[in-house]
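Here is the structure we will look at, set down as structure tokens.
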Amino acid sequence: KMTQQMRDLQLAQARKPPGPSSPNAAKRLYRNLSGKFRVNYTSFDEGSLAGRGEKEKLRKSYLFQSNAALFEAVELQDLDRVQELLKQYSPEELDLNTPNSEGLLPLDIAIMTNNAPIARALLQAGAKESPHFVSLESRSLHLSTLVREAEQRVNELTAQVVNEAPNADCSEKEKQLKAWEWRYRLYKRMKAGFEHARAPDAPTNVHLLVASSSSVQVTFWEPLSVNSAVVTKYKVEWSCSPTFSPLLGEAVIDQLKDLHFTIQGLVSGTAYYVQVSAYNMKGWGPPQASIPPFAIPSNWREYDGRAPRRRGQAEALDHLLGQVKNVHQHCVCHEPCKNQPQSRKHSVSKSLKHLFHPGSKFLKTLKRGLYLTAIFYKDDNILVTHEDQIPVVEIDDTYSCLLMQDFLWFTKVSCMWDEILWLRQCVTVSQSSCSCILQTRFKMLLAISQMQGLLGIQDLGQVFFEPVKDKQGNILIVTLKEVKTNQTFESVRWVPICKLQTNRKSVSSPEEPTALDTLLISIQDKLAYHQRSSHALSPGLYLGYLKLCSAVDQIRVLVPERLPNILCHVKIRSNPNISREEWEWLQKMASMEEPVPAEPEAEASQNHLFQELQVAIKELMTLVNIPLQEAKDFRLYSQEVLDFGDQVSFLLLLPPSDDVCTAPGQNNPYTPRSGFLTLPLQIFELGEEK
């Protein structure tokens, strides 16, 4: 069949006008034509194309050419071109795992020519070996057939070229001969690569760790083999017996982007042995047992049967809020609103038109008082009113000194933007008490409602951790929200931030800028803070540093600028789970007056954690600018591991008891380098919750 296909190819090629004379050009011509024999190829006759759009035809033709280009790049061992194609097209667009007319895939050619860099690039993209090669014998037979038929074709074309007089047909046959000679050499090289290859050695650095109370994770590296073929998959096996008889399960890993595997559904407290073996075109290599040889699924909570701290908290708070609402349902303060129809939520597009309504109540200038401003931004643009002003509404024109308790109360209200109307109704009943605090907070709720109504959007975003003040007695509470929608809005003015900063006509002096001028000057920093405060840590176990400082009206916590929603930290390892055995060891260390290093004969997991902690503590001390010799007086918080979901957990490093919180006026000899800031503790807690 293969020979008949090649003869058909010759006849088809002979009818074509003369093409380029280089061997590579002839080979490309062959490759493009040989695509018609591809397994999933649809014939491009007139009938099949009649109902298709011209754009779809061009697209398929373009993708067909990209597939041919990938085969050519692999055959020519052009790594740069292979990487370029893999980056430009998806595996589906490249038909990465569809065999060609010879029953070969790009990965087959790469591994049988022993081109490890190209093979690894293809494997990273999800390439597979041809399903035709079900055994060593079938692969060997297939390669022998390709070599034999290519050799036969070369001999036939050689005879024709020698015996025919020079003419156009002869010139075309010479091109075909060069292409077939090149292909013959390629098949011989592939056959030799297969015959000289050997099965892979065992994987290296096979490490086993406890991932949870019902799972373990094994990580490994490639074999160190020099002469064996490229590894294309791995097999993980597990058992309760060190002899692996009987096997409890196995898994084949052919996605080689990350060499690790998590074994799920295990029994807590049971020892599991794990081994890993590698596979290449010559078969499976020997297995490599893990280090340590077994692991026992567990979690630190099993040490004393402790339940997760946050279990059911969100549900309990929702239930409590529901109860409060039910109590207030028949309150006098709600009577005027009973017969009012439920207000319809405005869409963002409609709401933003309010910015340009001539009757809007946004302020142009500030008098002495307390104000609320909402910053909505998208990319490098900011939303402004029709007068090119950041939206500002008044809270209280007689309030020139914002108490920290009022500001922190406002930040808590920001978690309930949808409940502002209800909160206003509840606070109204207390106005007769003439409490200054209640008066101020009621005005805050009124200002929020006004801002929501003018913007037509309830979610005003996140409150910046400190208000903006000036010497004229103005105080700005700032909220920040990023608009990620690509929808366009009519009559809405998005202004580049740099343009707004340049065009604003300041009415203050550089020595005493107004709060609005200060806001515009520092707006880039505030947007950067807002974006960084929503970033999440990658999965893993971290060592955090808890350092507080107190003032008259607040306690502040030290955080890194790059992640202000997390304590100062360094990563200990990628596995977030602390096993029961590791936690027992940490408890033992915490109970000793003079902690000692892990014994050589101690459990491997405990000794490994000890080494990881040593490295992390040194890195953390350097980060916060504390001499390493001072670390001997620091303590690990041994009451619990701080879990943030299932993927991130923290161990806390605490200074000596007297230095955990620096009092006002107390000298702190070790000041962290740049890149840190202190947040009010309540602000930090809200950011961490989000």
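The values are calculated or read from the model by the stated rules, or taken from the named source; none is laboratory data. This one's a predicted model, so the numbers in the text were calculated from it and none came from an experiment. Note that each Cβ is placed from the backbone with ideal geometry, even for glycine, and that neighbours are counted across all protein chains shown. Protein only, heavy atoms only, side chains kept; ligands, DNA and RNA dropped before computing areas. Shrake-Rupley method; radii C 1.70, N 1.55, O 1.52, S 1.80 Å.
Quick notes on this one:
- Between K361 and E561, the simple spin-label model (points 7 angstrom out along Cα→Cβ) gives 3.9 nm.
- K412-T204 FRET efficiency (beta carbon distance; Förster radius 51 Å; 0.05 resolution): 0.45
- The C-alpha radius of gyration of the range 369-534, expressed as a fraction of 2.2 N^0.38 Å, stands at 1.05.
- Among residues other than I263 with Cβ under 12 Å from its Cβ, the summed charge is -2 (Lys and Arg +1, Asp and Glu -1).
- Nonpolar atom fraction for the range 57-196, defined as the carbon and sulfur part of the 1.4 Å probe accessible area, stands at 52 percent.
- For the range 207-298, relative contact order (Cα pairs under 8 Å, six or more residues apart, normalised by length) works out to 39 percent.
- Portion, in percent, of the accessible area of the range 369-534 that falls on carbon or sulfur, probe 1.4 Å: 51
- Full-extension gain in nm, L321 to K188, via 0.36 nm per residue minus C-alpha separation: 40.2 nm
- In this label model, V162 and T502 are separated by 7.8 nm, measuring between points 7 Å along each Cα→Cβ vector.
- Expressed in units of 2.2 N^0.38 Å, where N is the residue count, the Cα radius of gyration of the range 207-298 is 1.08.
- Length gained on full extension, S214 to H196: 2.1 nm, using 0.36 nm per residue less the C-alpha separation.
- Under 15 Å from the H535 label point (7 Å along Cα→beta-carbon), backbone N, the range 374-404: none
- For the range 369-534, the solvent-accessible area with a 1.4 angstrom probe is 45 square angstrom per residue.
- Cβ-Cβ distance of A551 and K571, R₀ of 30 Å, FRET efficiency by 1/(1 + (r/R0)^6): the value works out to about 0.40.
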